[in-house]
Amino acid sequence: MRLPERQLAVLEAASATDERTVAEIAAETDLKPETVAGAAFDLAEEGLVEVGSVTDETLELTDEGRAYVEAGLPETRLYRAGLDAGADAEPVSMGAVIGGADLDGPEVDIALANFARKGFGSVDDGELSVDPDADPDADPEATALAALADADGESRSAADIAVDDAVIDRLDSRGLIAVAESVTRTVTLTDDGVDALMTGVEATETVGALTPELLASGEWRDAEFAEYNVEAEAETARGGRKHVLRRTADRVKDVLVGMGFSEMEGPHADADFWINDCLFMPQDHPARTHWDRFALDVDPMEEIPDELMTRVESAHRDGWGEDGDGYHSPWSEEFAREVALRGHTTSLSMRYLSGVAGAELEPPQRYFSVEKVYRNDTLDPTHLLEFFQIEGWVMAEDLSVRDLMGTFEEFYRQFGITDIRFKPHYNPYTEPSFELFGEHPETGEEIEIGNSGVFREEVTGPLGVDCDVMAWGLALERLAMLTTGAEDIRDLHGTLADIDFLRNAEVSY
């Protein structure tokens, strides 16, 4: 019998009486483990060896678990602080005990959640009592953490540290240990393998590919070519591709350019004047506080036309036009010049409509942008701290809400979305105003996808615009949710992005 050198080496290293691991054979033969595994499977197909597998569960401390080994579990520290405070004799105020236990932040909730569960005592009406007969030193969870810490960073199995599965499950759920499964391959000689070795096996050098040199020399006639299993599973080769959100943005730009729009661009950090004041947003509006706004510690913006500043201030104080009334609220030029990260790309619209950005302002005009904005929102499936906004406006004579609704219906139709719904809304800068909603293709849930309206005279008047301007801000990520079926905006980008989803998601239109 003739076998390739690597297969012969594995066959000779295998045993008929003991299961030898791939790692052991690799160490003995000086072959790579993956080479040994491949040769073993080839030999198994010839019936010369049997390949088995053993699945082991390994345990390793997380950073939090390692910290608790050194400082003690929060519930144990709470128990000992309670003893020191005399809570074994009579209830003691929780505040005093927590301070003595050196618990901070989430550790307080962790301690309280596990204190009673382990029988250390009870908490009632803000007072803590401890059971003097409890023995935290015998706590199996603390014992297991200490045993893993003694492993000097090496993974261990539950059997190695003699811990019940229930304790392992509890530590895993608390995030104090990491549980992983590893598969160990074993190789055992079969009777046919023993017979082959007894009768003699010769090594032959195999050729992986037919080369010009083999053809020219004629050596191909005597060469032993390696067999290829074209049905064997192979590692998936993944090439680079454009991010699904960028592809959606590019498609949005193509659609809007096709509808006759020109693209705007401008600074991410801008003066509050452009971000809010030009939009007739009062300076004491809650959205202009630190709760929603990311202020920057930089010099105020000086390059704002003085005449425009005066007209905008007048609109805020006294209104604009014959029926204007204004807010009669405090207005500060110093605040208007402060710089912050833009909360919407409407700051670009203000720059373009005022003529500062050098745009053509003879109606009719159409402009758009697909740019990032920043808001101090709470993270959830439909909100991020930074996201992309599809900004747009149309300037023309005698525009109406019907024109605006028709623009949206045409835009979303390009993405296969024909069930847009409109809801009346209030904005300080548009009248009339309405929000847009679309139905998620997977959940059927109705989600808000944009806000729009016709700019008020208090916005367009100070900018020097004397005709109608309809405008909108649409959410690019939510459009991507409708076109890809993503149920969580964080699947699209950010630290929690679903890589498999991004690899396979397509922009449908």
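Here, each number is a calculation from the coordinates, and none is a lab measurement. Because the structure is a prediction, the values reported are computed rather than measured. Positions of Cβ are generated from backbone atoms using ideal geometry, with glycine treated the same way; all protein chains shown enter the neighbour counts.
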Among the chymotrypsin sites (Phe, Trp or Tyr not before Pro) within the range 255-341, which fall in a DSSP loop and have no more than 12 other Cβ atoms within 10 Å of their own Cβ?
291
Can you give the net charge of the other residues whose Cβ lies under 14 Å from the Cβ of residue 73, counting K and R as +1 and D and E as -1?
-3
Can you spot the lysines whose alpha carbon is less than 24 Å from residue 372's alpha carbon? Ignore those fewer than 8 places along the same chain.
242, 253
The range 294-358: GluC sites (Glu not before Pro) in DSSP coil with no more than 10 other Cβ atoms inside 10 Å:
302, 303, 322
Rounded to whole Å and sorted largest first, list the principal axis extents of the Cα atoms in the range 284-410.
44, 40, 29
Relative contact order %, the chain, counting alpha carbon pairs below 8 Å whose residues are six or more apart
13 percent
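Find the Cα radius of gyration of the chain, compare it with 2.2 N^0.38 Å by division, and give the number to two decimals.
Details: Rg = 35.2 Å, N = 509, 2.2 N^0.38 = 23.5 Å.
Its radius of gyration relative to the 2.2 N^0.38 Å reference: 1.50.
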Helical contribution to [θ] at 222 nm, DSSP H n ≥ 4, -39,500 (n - 2.57), averaged over the chain, rounded to 500:
-10000 deg cm²/dmol
